[in-house]
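Written below as structure tokens is the structure these notes are about.
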Amino acid sequence: MISLVTAIAILLIGFSLCSSVLLAITHFNKKHYQDLVFSRYIGLVLLAGLCGLQVTHFFWLYADLNWVSEKGYNVLLFIIAPAFFLFSKPILLKNTRQNPKLIDVIHLLPIAVSPLLASWLALPIAFLLGATYLAWLANSVLQLHSEKENFKHEILLLGGVFIIAIAVAVLGLLRTSLPDKLFFNLYSIAIGLAFFLVQIALGIRPDLSLEVRESASYASSTLNNIDCASALSKLDKLMQMNKIYTNPELGLAELAHQLELSTHQTSELINVKLGKNFSRYLREQRINAAKVMLKNEVSASVLSVGLNVGFSSQSGFYEAFREIEGMPPGQYRKLISSSSTS
């Protein structure tokens with residue numbers, strides 16, 4: 001009979017696999033990684049590595065197939081930490097070039113060596129390596145202290161992932177002293193919980209990777225030779241007269257093209273001069289237009305209003321409206337309707 005811990009582990013293995021597919025389709029796409037192409041592909045490698053671990057855990061926990069002692073499992077273990085580092089580096093570090101450098105090859109060396117290691121030795125070494133990368137991650141996140149108010153919920157969720165990772169690293173080092181299969185049960189559960197927290201974070205901020213990169217990239221201004229007043233005037237015209245926000249696919253790269261600026265200049269212009277990131281600015285433009293439609297076009301459904309102002313789904317519209325106005329659009333319409341009547 002399968003124990004309760006194993007049943008929970010298997011359940012979260014299934015969640016991890018489904019979550020990986022969902023993230024690959026909805027998050028790791030061109031829209032969210034316009035200027036982070038390398039990170040996008042490394043992120044997909046990271047997802048594949050985690051899926052490989054979870055599939056191996058499933059066959060060991062459920063079918064007693066001891067694939068966790070095979071060389072392939074060692075390779076998967078050693079892929080995770082370097083992949084996460086190479087994925088995060090262009091997002092978290094200021095002025096980091098997107099394309100990898102020759103020195104980054106050094107992060108792949110442990111992967112090449114991993115098949116030569118015995119399974120009892122590979123696991124603690126992999127987790128020691130992972131702990132080193134976690135220390136780097138913690139330090140990089142702390143460098144965003146000036147933006148902590150903008151990312152306070154996300155940082156809390158990331159802190160949860162960090163705690164899970166530390167706990168797994170400790171368990172990995174103590175594996176030989178744990179009862180048979182217990183470590184792999186706990187490791188599977190930890191990966192599943194990490195996926196759960198990531199899904200929540202991306203539910204709150206779908207463009208989180210882009211927004212973090214924007215916040216981390218202003219060590220030196222790129223606006224010194226730009227007429228900011230003229231650029232802001234052109235931006236306002238594009239929004240108010242051309243209504244380019246109605247394009248559901250509008251991204252930072254396209255807006256930069258229309259402003260005849262680089263994506264970095266456009267991002268800095270909005271962040272520094274308007275005090276908000278691009279995603280927040282775009283959501284506000286759409287919500288302001290939606291408020292006008294909700295008031296003036298009483299026969300239009302709430303869904304049609306959201307689609308008309310550029311949102312691609314009802315859930316995205318409701319979430320953004322509630323974030324900015326503190327209430328759902330239907331309630332806002334009733335409120336302004338009762339105010340007009342009185």
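Things worth noting here:
- In the stretch 241-254, the residues that are in contact (Cβ under 8 Å) with a residue 24 or more places away in the chain and either acidic (Asp, Glu) or not in a loop (DSSP other than H, G, I, E, B) (or both): TYR245, THR246, GLU249, LEU252, ALA253
- Single match in LEU22, LEU46, LEU65 (criterion: open to solvent by 40 Å² or more (accessible area, probe 1.4 Å) and within 13 Å of the chain's Cα centre (by Cα)): LEU22
- Some residue of the stretch 257-268 being of a type in the set (A, V, I, L, M, F, W, C), more than 23 Å from the chain's Cα centre (by Cα) and in a helix (DSSP H, G or I): yes
- Filter result for LEU137 (crowded, with 18+ Cβ neighbours inside 10 Å and either modelled with pLDDT of 80 or more or among the aliphatic types (A, V, I, L, M) (or both)): yes
- Unmet criterion (only one of (1) loosely packed, with under 14 Cβ neighbours inside 10 Å; (2) in contact (Cβ under 8 Å) with a residue 60 or more places away in the chain) for PHE278: (1)
- Counting only helices (runs of 4 or more DSSP H) that sit wholly inside the stretch 143-229, those with at least 3 residues that are modelled with pLDDT of 75 or more are 152-173, 182-204.
- For the stretch 251-269, a residue qualifies if it is within 17 Å of SER209 (Cα to Cα) and of a type in the set (A, V, I, L, M, F, W, C), and the qualifying residues are LEU252, ALA253.
The values are calculated or read from the model by the stated rules, or taken from the named source; none is laboratory data. These numbers come from a predicted model, not from an experiment. Counting neighbours? That spans all protein chains shown, and the Cβs are built from the backbone with ideal geometry, glycine included. All accessible areas refer to the heavy atoms of the entire protein, side chains included, with ligands and DNA or RNA removed. Shrake-Rupley method; radii C 1.70, N 1.55, O 1.52, S 1.80 Å.
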